[in-house]
Amino acid sequence: MNYIFVDEKRFELKDIPQDTPILWVLRDYLDLTGTKFGCGVGMCGACTVLLDNQAIRSCSTPISKAYGKKITTIENKEDKELNALRIQWREHDVAQCGYCQSGQLVNAAGLLKSNSKPSKDEIISAMDGNICRCGTYNKILTAISSVSK
Ligand code: FES
């Protein structure tokens with residue numbers, strides 16, 4: 001039996017083909033719909049989750065890569081970095097339409113786990129692949145910078 005840990009809970013995976021993208025396991029099998037589908041080809045970042053604390057594109061990563069590992073999604077209420085980011089996201093009124101924001105937040109949390117005080121350039125570089133059609137990039141930069149002060 002294969003299993004994964006999602007947001008601190010253990011899930012056994014029955015009858016799920018091993019090439020199913022993590023995104024669809026989260027959304028369709030586990031009913032965790034906070035992680036969003038954007039492009040489906042690894043280009044937009046809307047589907048970002050952490051796999052053992054590393055940001056990945058869940059739309060283009062098969063579930064077999066997550067067997068026995070820890071997935072962190074936007075629905076994690078206990079994650080220290082995500083909670084600190086949520087406060088600053090509200091403080092700086094970051095979201096507009098909001099669609100990309102779960103991926104933005106999770107990607108930012110992954111950055112802060114590996115580098116708790118990133119420079120402006122490091123934030124810009126780490127967040128580079130997460131697309132926001134509303135153009136909230138400056139607010140995202142401000143919010144992440146505020147967490148890492
Ligand atoms: Fe996965 Fe766009 S939906 S990167």
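For the subset of region 93-116 comprising residues that are in contact with a Lys or Arg (Cβ under 8 Å, 6 or more places away or on another chain) and not in a loop (DSSP other than H, G, I, E, B), which member is farthest from the ligand (Cβ to nearest atom)? Reasoning before the result, please.
Within region 93-116, the first condition is being in contact with a Lys or Arg (Cβ under 8 Å, 6 or more places away or on another chain), and the residues that meet it are 93-94, 97, 99-100, 102-103, 105.
Right, trim to not in a loop (DSSP other than H, G, I, E, B) and you get 102-103, 105.
On the way: 102: 11, 103: 8, 105: 15 Å.
So, considering only residues that are in contact with a Lys or Arg (Cβ under 8 Å, 6 or more places away or on another chain) and not in a loop (DSSP other than H, G, I, E, B), the one farthest from the ligand (Cβ to nearest atom) is 105.
Filtering region 126-145 to residues that are surrounded by fewer than 19 Cβ atoms within 10 Å (Cβ to Cβ), β-branched (Val, Ile, Thr) and farther than 21 Å from residue 43 by Cβ leaves only 142.
Based on this model, can you work out whether residue 7 counts as among the acidic types (Asp, Glu) and within 16 Å of the ligand (Cβ to nearest atom)? No. If the condition is being buried (at least 18 other Cβ atoms within 10 Å of the Cβ) and in a loop (DSSP other than H, G, I, E, B), then region 34-60 contributes 35, 36, 38, 44, 45, 46, 47.
Tally the residues that are surrounded by 14 or more Cβ atoms within 10 Å (Cβ to Cβ) and part of a helix (DSSP H, G or I), restricting the search to region 66-92. So the count comes out to 8.
If the requirement is being more than 7 Å from the ligand (Cβ to nearest atom), under 22 Å from residue 97 (Cα atoms) and among the small types (Gly, Ala, Ser), which of these qualifies: 68, 40, 34, 45? It would help to see each step written out before you state the result.
Details: 68 fails: under 22 Å from residue 97 (Cα atoms); 40 fails: more than 7 Å from the ligand (Cβ to nearest atom); 45 fails: more than 7 Å from the ligand (Cβ to nearest atom).
The conditions single out 34.
Taking the conditions (1) in a helix (DSSP H, G or I); (2) at positive phi in turn, residue 139 satisfies each one other than (2). For first residues located in region 33-44 and closer than 11 Å to residue 60 by Cβ, partners that are near the ligand (Cβ under 7 Å from one of its atoms) and among the basic types (Lys, Arg) and lie 6+ apart or on another chain with Cβ distances below 6 Å form the pairs 42/57.
Readers should treat all values here as calculations from the given coordinates under stated rules, not as data from a laboratory. This one's a predicted model, so the numbers in the text were calculated from it and none came from an experiment. Note: ideal-geometry Cβ built from the backbone for every residue, glycine included; neighbour counts use all protein chains shown.
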